[in-house]
Amino acid sequence: MRVAVLLYDEYTALDAVGPYEVLSRIPGAEVVFTAARRGPMRTDMKSLALTADATLDEVDSADVLLVPGGPGTPAQLTDEAVLEWVRAIDATTTWTTSVCSGSLLLGAAGLLEGRRATSHWICLDQLATFGARPTGSERVVVDGKYATAAGVSAGIDLALTMTGLIAGDTVAEAIQLMIEYDPQPPYASGALSKASPEVAAKARQLLLG
């Protein structure tokens with residue numbers, strides 16, 4: 001099973017790495033990080049990079065496509081080469097997935113028309129501009145072969161969901177145990193509906209500058 005992870009300038013690290021930690025552990029899985037150019041691709045925080053080992057031209061099919069989000073997403077929405085690649089890979093996939101604002105890229109490629117989808121709360125409403133039906137009450141939304149996750153950490157939930165669908169519940173639960181994914185956060189403000197107005201305002205400030 002081949003998993004293709006799209007990288008681009010200023011993606012969010014956990015959007016890619018979280019799902020990678022899960023999907024790469026499925027027996028028989030091969031993960032390829034791909035981008036417009038080979039080499040290190042810097043995240044939105046600049047101090048970390050993942051290496052793209054293949055260019056987009058070198059990846060022409062995948063069983064699973066994963067598109068991360070991040071501050072660099074807007075620049076990709078008008079990059080026709082990237083959008084055409086996403087459409088071409090989607091034609092070969094069993095599952096096409098995204099994390100955070102990566103769903104906007106799927107939408108811009110014309111893949112979410114009429115479908116339920118989610119994204120990071122800061123850009124959730126933008127999905128409607130691509131004909132999708134924004135769904136903000138679920139961390140993972142599956143509609144047909146398209147699976148979208150809410151912000152950042154929800155990518156782990158997405159990958160576990162995919163693992164269960166691909167390899168069965170026992171494998172998914174075993175991987176969950178391997179990575180000891182048992183969230184018990186010290187704060188209860190991990191969703192916009194749970195955060196105080198003060199916390200929400202601070203989050204917006206940190207996100208938008």
Inset, instruction - Using a 1.4 angstrom probe on heavy atoms only, work out the carbon and sulfur share of the accessible area of the range 86-173 in %. - result: 50
Inset, instruction - Could you rank the peptides 147-156, 134-143 by their average count of other C-beta atoms within 10 Å per residue, with the highest value first? - result: 147-156, 134-143
Legend entry - Integer Hz, Karplus 6.51/-1.76/1.60 couplings in order for the range 101-106, x for Gly and Pro: 6, x, 5, 5, 5, 4
Inset, instruction - Grab the DSSP H runs of the chain that are 4 residues or longer, score each as -39,500 (n - 2.57), total them, divide by all residues and round the 222 nm result to the nearest 500 deg cm²/dmol. - result: -9500 deg cm²/dmol
Inset, instruction - Consider all pairwise Cα distances in the chain and report the whole-number % of them above 29 Å. - result: 19
Legend entry - Farthest positive-ward along the chain dipole, Cα basis, beta-carbon charges - from Leu160, Ala200, Thr92: Ala200
Legend entry - Accessible surface, per residue, of the range 1-119 when the full set of protein chains is kept, probe 1.4 Å, Å²: 39
Legend entry - aspartates and glutamates whose Cα lies under 14 Å from that of Lys194, excluding same-chain neighbours fewer than 8 positions away: Glu138
Inset, instruction - Hey, can you grab everything whose amide H is under 5 Å from the amide H of Val99? Only 5+ residues off in sequence or another chain; H modelled, so Pro and N-termini drop out. - result: Val67, Gly69, Ala149
Inset, instruction - At a Cα cut-off below 23 Å, give the lysines reachable from Lys46, other chains included and same-chain residues fewer than 8 away excluded. - result: Lys202
Inset, instruction - Pop out the ³J(HN,Hα) list for the range 32-48 in order, Karplus 6.51 cos²θ - 1.76 cosθ + 1.60 with θ = phi - 60°, rounded to Hz; leave Gly and Pro as x. - result: 10, 8, 10, 7, 4, 9, 6, x, x, 10, 6, 7, 5, 8, 6, 7, 10
Legend entry - Full-extension gain in nm, Ser137 to Leu207, via 0.36 nm per residue minus C-alpha separation: 23.1 nm
Inset, instruction - Note down the accessible area of Arg25, probe 1.4 Å, to the nearest 10 Å². - result: 100
Inset, instruction - Among DSSP beta bridges lying fully in the chain, give the percent that are antiparallel, nearest 5. - result: 30
Inset, instruction - Go through Ser47, Pro27, Leu65 and say which Cα lies farthest out towards the positive end of the charge dipole of the range 17-90; charges sit on Cβ, +1 for Lys and Arg, -1 for Asp and Glu. - result: Ser47
Inset, instruction - Rank these residues by their accessible area, most exposed first, probe 1.4 Å: Lys145, Lys194, Lys46. - result: Lys194, Lys46, Lys145
Inset, instruction - Assuming R0 = 30 Å, can you tell me the calculated FRET efficiency for the pair Arg2 and Ile122, based on Cβ-Cβ distance, to the nearest 0.05? - result: 0.40
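The values are calculated or read from the model by the stated rules, or taken from the named source; none is laboratory data. Quick caveat: nothing in here was measured; it's all calculated off a predicted structure. Quick reminder, even Gly has a Cβ in these numbers, built from the backbone with ideal geometry, and neighbours come from all protein chains shown. Remember, those area values only see protein heavy atoms, side chains included, never the ligands or the DNA or RNA. Shrake-Rupley method; radii C 1.70, N 1.55, O 1.52, S 1.80 Å.
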